[in-house]
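Trainee: There's a structure below that I have some questions on.
Read the figures in this text as sums done on the coordinates, not as results from a lab. Remember, it's a predicted structure, so these values are computed and weren't measured experimentally. Ideal geometry is used to build each Cβ from the backbone, glycine not excepted, and the neighbour counts take in all protein chains shown.
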Amino acid sequence: AQPGQALLEVRGAVKRFGGLVAVNEVSFEIRTGEILGLIGPNGAGKSTLFDLLTGVQPATAGEIRLEGRRIDGASPRAIAGAGVARTFQHVLLRPEMSVLENAALGAHGRGEAGILRSALRLDRAEEARILFEAQRQLDRVGLGEFAAQAAGHLALGQQRILEIARALASDPKLLLLDEPAAGLRHHEKARLSALLRELRDEGVTILLVEHDMDFVMNLVDRLVVVDFGTKIAEGTPASVRGDPRVIEAYLGG
Ligand code: ADP
Ligand code: MG
């Protein structure tokens, strides 16, 4: 896709959990080459929206297209294979496994549990290729020197970056990050912000959920704001920051 064109389109997405409408008729697009922020108060439906985009949960209604092709209804594996990778709100590393093995878990969209099991059945050449690719992603994000360490020994900021390296190992077109700066120290946030800019400049399109407003406002190209499952604003950081509905959602609740 060309820079600026829609990479992902969401049209009228709805997700109900029984009587609760977690995502309510949400429409937006993510343009190729941008960092789009998705913000909103706790419980607004941000993580659920991620689940819809990645096929972890089926949408109740609506359409989701990646490069014009419908992906709603497809399996998480198929969507990952089509080029959508994500990190989760809570760190999901294997702490006892090495940094390199954790990064290798993301290779080629095989997802969480599958890769190691299948790795045992891989021939040596295939295994070497996956580990080579994982090391390349670690070097790309600045964790190359920690490859042999247990992932659980990394600082939280490094663990978050390792999760990004793992997501990058599937060579995604679109990277979805769920609160990557949560709990990070100031210098870790600065490092993360610089990394996301580098990735964007290398052509990775990014959708970012994040609560830290300074972090978001200084990083993203555009923002979508949700509250109670509904999109209430969309635009540049400068325009969204002054929007009365956004101020109300954050201060009036
Ligand atoms: P956010 O990530 O914006 O904080 P969530 O997407 O996690 O919000 O949650 C949106 C709403 O949906 C909340 O009211 C939450 O309790 C509800 N919710 C999320 N997941 C489920 C689920 N699996 N079953 C029932 N309710 C859920
Ligand atoms: Mg969430």
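Trainee: Of all beta bridges DSSP finds with both residues in the chain, what is the antiparallel percent, to the nearest 5?
Mentor: If we restrict to bridges inside the chain, about 55 percent are antiparallel.
Trainee: Which order, highest average first, do 213-220, 100-107 follow once you tally other Cβ atoms within 10 Å for each residue and take the mean per peptide?
Mentor: 100-107, 213-220
Trainee: Which length gain, in nm to one decimal place, applies between HIS153 and GLN89 when the Cα-Cα distance is subtracted from 0.36 nm times their residue separation?
Mentor: Taking 0.36 nm per residue and subtracting the Cα distance, the gain is 21.1 nm.
Trainee: Quick one: net charge of VAL225's neighbours, Cβ under 9 Å, K/R +1, D/E -1?
Mentor: Around VAL225, the surrounding residues sum to -1.
Trainee: Determine the shape class of the chain: with a ≥ b ≥ c the square roots of the Cα gyration tensor eigenvalues, call it rounded for a/c under 1.5, and otherwise prolate if a/b is greater than b/c, oblate otherwise.
Mentor: Values: a/c = 1.86, a/b = 1.44, b/c = 1.29.
Since a/c reaches 1.5 and a/b is larger than b/c, the shape of the chain is classed as prolate.
Trainee: Based solely on its DSSP helices, what 222 nm [θ] is calculated for the chain when runs of n ≥ 4 H residues each add -39,500 (n - 2.57) and the sum is averaged over all residues, nearest 500 deg cm²/dmol?
Mentor: -11000 deg cm²/dmol
Trainee: Further question: Looking at the square roots a ≥ b ≥ c of the eigenvalues of the Cα gyration tensor of region 38-95, which shape do they give, rounded for a/c under 1.5, prolate if a/b is larger than b/c, or oblate? Could you put the intermediate results ahead of the total?
Mentor: Values: a/c = 2.10, a/b = 1.21, b/c = 1.74.
Here region 38-95 falls in the oblate category.
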